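Just below is one structure, and these are the notes that go with it.
The values are calculated or read from the model by the stated rules, or taken from the named source; none is laboratory data. This one's a predicted model, so the numbers in the text were calculated from it and none came from an experiment. We place every Cβ from the backbone using ideal geometry, glycine too, and count neighbours over all the protein chains shown. Only protein heavy atoms, including side chains, enter the accessible area calculation; ligands, DNA and RNA are left aside. Shrake-Rupley method; radii C 1.70, N 1.55, O 1.52, S 1.80 Å.
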Amino acid sequence: PQTHYSSPLPPPAMAAPDRKFVSLLLLLLTSLVAAAEEAGLGLDAGDRDALLRFRSQLNDPRLSLASWNGSNCTTWTGIFCENRTGGVVGIELSDSGLSGAALPLLCNLSLLETLVLSGNDFSGPIPHCFGRLQALRTLDLGRNKLQGSLPPEMAGLWRLEELVLAGNPGVGGLFPEWIGTFSYRLNRLDLGSTSLQGEIPEGLFHLSSLKYLDLSGNRLVGELKDFEQPLVLLNLAQNQLSGTLPCFSASTDSLSVLNLASNALVGGIPTCISSLRALSELNLSSNGLQYRISPRLIFSDKLLVLDLSSNELSGPIPGSLVEEPERAELLLLNLSSNQLSGEIPAEMTELRSLQGLFLSQNQLTGEIPVAIGNLTYLQSLDLSCNLLSGPIPVSLAGCFQLWQLKLDHNNLSGALHPELDALDSLRILDLAGNRISGEIPLPLAGCKSLEVVDLSSNELGGELSGAILKWQNIRFLSLARNHLSGDLPNWMFSFQYLRSLNLSGNHFSGFIPDGDFNVSDEFNGNSNEPYDGFSMVLVPVSVSFAGSRQLEFNYKLHSQVGIDLSNNALRGEIPEGLIGLKGLEYLNLSYNDLAGRIPGNLEKMGKLKRLDLSHNSLSGEVPASISGLRELEALNLSYNCLSGPVPTREGLQRFPGALAGNPALCMEFSGKGCDTEASLPAGKVIGTSGGGDDGWMSVGAFWISAVASFYASVVALLCSPMSREYIFQAFKPEF
């Protein structure tokens, strides 16, 4: 039999009036639907009044709530309503610049399911009446200024799935036990950076619904126990938890982030930790972990961050820390501040994805692997404070994305290779405390991004290279304690962002250049960057994630604003412009051959904390303007050729011994002029009262005559530069 297919007949043609009627009907239906939807999204009157009262008690400088008018829910910023009743079911106003203590005014929104107010400045306690919000599923009050304890009424929120109170340091008290049992739907609990105390509630170790737990930055104590549920994120960093490291066996296939940094964990690192196959971040830093790193501790190739720094780990670094290093995705490896020994394993240079490698403050020996240049994605390399030897490998030029290079305080030797000019992204170069020789090569001018350079305590020689002039972004420059010589170039102070300059302990001669002092914003007090340390540079590199496969490195320079040209052979007078730098916090010109008077415009240096002009050949009177330096904490003008009166009313007695070794100085007493019989011998403590008894006066004539004769005979000797160099050579500090 044959099968026949027949096409359907075409529909009859519609008349033109019929088509117009259908179009009008569709338009009418659309309008009716839109009107119905509009009516369905009208705000419930009671909820509307509650929100308006809430707004009236807030500070809203950004006018984030300016759209809260009328009764159409869809036009109210951050408000979500139930379609049928118009009741408010969601409030999402994160990072809106709101402040005030108006949270209790939200307690009458009985249908509320989502309340997100993070990143504002809400204050006051967490309202007890929040316990009435029985429909609540998400409560996020993180990063505000809330205070007080967690109200027990919140234990009635049995539908809650997410509770975030992180970033409220004022929220504290004992960690309530109910937090682990009040909701068997709780998926995320973030109480980080609050002030909770006590032990972790037992219920949290067994709550099967819990996937994300962050209790970091609190004051939690007790022994860390294993969790029985499969977690995805566990952050307990910055607490006082003790005990040994659990295996987290219930989270073998789920745990992605494990951060237990800054606790009091002890013992070794169990190899079972590497069985966490989903792990992407592991941070066990700043604990008391000990013993060797087992060669069987091999993580999956999903690991992105491994931080075991600041522990007491010893022994060699294992050759392999991840499976198949050439395929690994590891971005950050930090083993610094341990007791690791041996050489840097060659296998480490196969981790091609590395962006940060930190092995500082260990006992590593041998040379820097030549193959380190294979790490082409490397941005920060810190091998400082080890026992590494040999030259700096030329292959480092292959790490062309390098942002920080810290090799300081090792036994590295040889000259700087000109090939390093390929590192045009380099901002921090620290090679201090090695035995690097030769001159500063001109090709280093290619490193135009440099901001922090420390080449101090090496064996560099020659004159200052013009390459330095190319570092126009330089903020900190130290070439101290080398063998550099020649005159200081005229461009030495012509860097706009220069904050600290240290050329001490070299063989520079000639005059201090008198020019370009007005270029540096920092030297001239045109910067308000705070300083919270002593006269040293600390360059901590903070690492943060920007996306799943990229690290961001940053640093903050902690250094006083100042200039140190001490322990050289500089001569001539102190330039007026140098003394007039009102932004300087320290100035050290000691142990040179400077002569002439101390410039009298010291009062301009209102931020000066430390001034050392000792062991020169300065003459004239002590400037009275020194008394105007209200911030001054340390003063040393000793062993010069200063003369004339020292007014006692100027407060110089605050600095004992500051004028020692200036025999032509004398004390000026109010109303009596300068008493030559009260001249200042070397070592005399200014401001201390001498004996006033009759016995001293009876033999005083003899001693005054003897002492005066002695000092008069040595004044000329002390003020002779050649004699002073010979006499005080033994007093120069060793570098």
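Things to note:
- Listed by first and then second residue, the pairs with beta-carbon distance under 9 Å, at least 6 apart or on different chains, first residue in the range 403-423 and assigned to a helix (DSSP H, G or I), second of a type in the set (F, W, Y), are A422/F400.
- Considering each residue of the range 337-348 in turn, none proves to be surrounded by 15 or more Cβ atoms within 10 Å (Cβ to Cβ), charged (D, E, K, R) and under 22 Å from the mean Cα position of the chain (by Cα).
- Any strands (runs of 3 or more DSSP E) falling wholly within the range 487-566 and containing at least 1 residues that are surrounded by 15 or more Cβ atoms within 10 Å (Cβ to Cβ), out of contact with any strand residue (DSSP E or B) (no Cβ under 9 Å at 6 or more places or on another chain) and modelled with pLDDT of 95 or more: none
- Counting only residues that are part of a loop (DSSP other than H, G, I, E, B) and either in contact with a helix residue (DSSP H, G or I) (Cβ under 8 Å, 6 or more places away or on another chain) or open to solvent by 30 Å² or more (accessible area, probe 1.4 Å) (or both), the range 326-336 holds 1 of them.
- Pairs with Cβ under 7 Å, 6+ apart, first in the range 494-522 and basic (K, R), second assigned to a loop (DSSP other than H, G, I, E, B): R499/R475; R499/E522; R499/L557; R499/S559; R499/V561
- Contact annotation: residue pairs with Cβ atoms under 7 Å, 6 or more positions apart or on different chains, pairing a residue in the range 260-286 that is farther than 20 Å from I317 by Cα with a partner that is surrounded by fewer than 15 Cβ atoms within 10 Å (Cβ to Cβ) and small (G, A, S), are A264/G288; L265/G243; L265/G288.
- If only residues of the range 435-450 that are crowded, with 21+ Cβ neighbours inside 10 Å and at pLDDT 90 or above are counted, the one that is farthest from Q379 (Cα to Cα) is I436.
- Residues that are on the phi < 0 side of the Ramachandran plot and open to solvent by less than 20 Å² (accessible area, probe 1.4 Å) within the range 82-97 comprise G87, V88, G90, I91, L93, S96, listed in sequence order.
- Failed item, numbered, when G577 is tested on (1) out of contact with any strand residue (DSSP E or B) (no Cβ under 8 Å at 6 or more places or on another chain); (2) closer than 25 Å to N490 by Cβ; (3) open to solvent by 40 Å² or more (accessible area, probe 1.4 Å); (4) not in a loop (DSSP other than H, G, I, E, B): (3)
- Qualifying residue in the range 347-356 (condition: under 28 Å from G267 (Cα atoms), of a type in the set (G, A, S) and modelled with pLDDT of 95 or more): no
- Among the criteria (1) under 24 Å from I200 (Cα atoms); (2) surrounded by fewer than 20 Cβ atoms within 10 Å (Cβ to Cβ); (3) of a type outside the set (A, V, I, L, M, F, W, C), the one S251 does not fulfil is (2).
- Of everything in the range 589-636 that is in a loop (DSSP other than H, G, I, E, B) and polar (S, T, N, Q), the residue that is farthest from F511 (Cα to Cα) is N601.
- Comparison of A397, A415, A432 shows that the only residue that is of a type in the set (A, V, I, L, M), surrounded by fewer than 19 Cβ atoms within 10 Å (Cβ to Cβ) and under 29 Å from the mean Cα position of the chain (by Cα) is A397.
- No other residue among F182, F205 is modelled with pLDDT of 95 or more and of a type in the set (A, V, I, L, M, F, W, C) apart from F205.
Each row is one residue, and each column tells you yes or no for (1) buried (at least 17 other Cβ atoms within 10 Å of the Cβ); (2) free of Cβ contacts under 8 Å to residues at least 40 places away in the same chain; (3) touching a strand residue (DSSP E or B) at 6+ places or on another chain (Cβ under 6 Å); (4) among the polar types (S, T, N, Q).
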| site | (1), (2), (3), (4) |
| --- | --- |
| R296 | no, yes, no, no |
| F299 | yes, yes, yes, no |
| E312 | no, yes, yes, no |
| E324 | no, yes, no, no |
| S360 | yes, no, yes, yes |
| Q363 | no, yes, yes, yes |
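- Among the residues examined, S216 does not qualify as part of a loop (DSSP other than H, G, I, E, B) and surrounded by fewer than 17 Cβ atoms within 10 Å (Cβ to Cβ).
- Just one of (1) open to solvent by 50 Å² or more (accessible area, probe 1.4 Å); (2) of a type outside the set (K, R); (3) assigned to a loop (DSSP other than H, G, I, E, B) fails for S457. It is (1).
- Taking the range 420-432 as the range and being touching a Leu at 6+ places or on another chain (Cβ under 8 Å) and modelled with pLDDT under 90 as the test, the residues that pass are L420, D421.
- Long-range neighbours under 9 Å by Cβ, at least six apart or interchain, first residue in contact (Cβ under 8 Å) with a residue 60 or more places away in the chain and in a strand (DSSP E or B) within the range 337-356, second aromatic (F, W, Y) and open to solvent by less than 40 Å² (accessible area, probe 1.4 Å): G356/F553
- Scanning the range 98-118 for residues that are small (G, A, S), open to solvent by less than 20 Å² (accessible area, probe 1.4 Å) and out of contact with any helix residue (DSSP H, G or I) (no Cβ under 8 Å at 6 or more places or on another chain) yields G100, S118.
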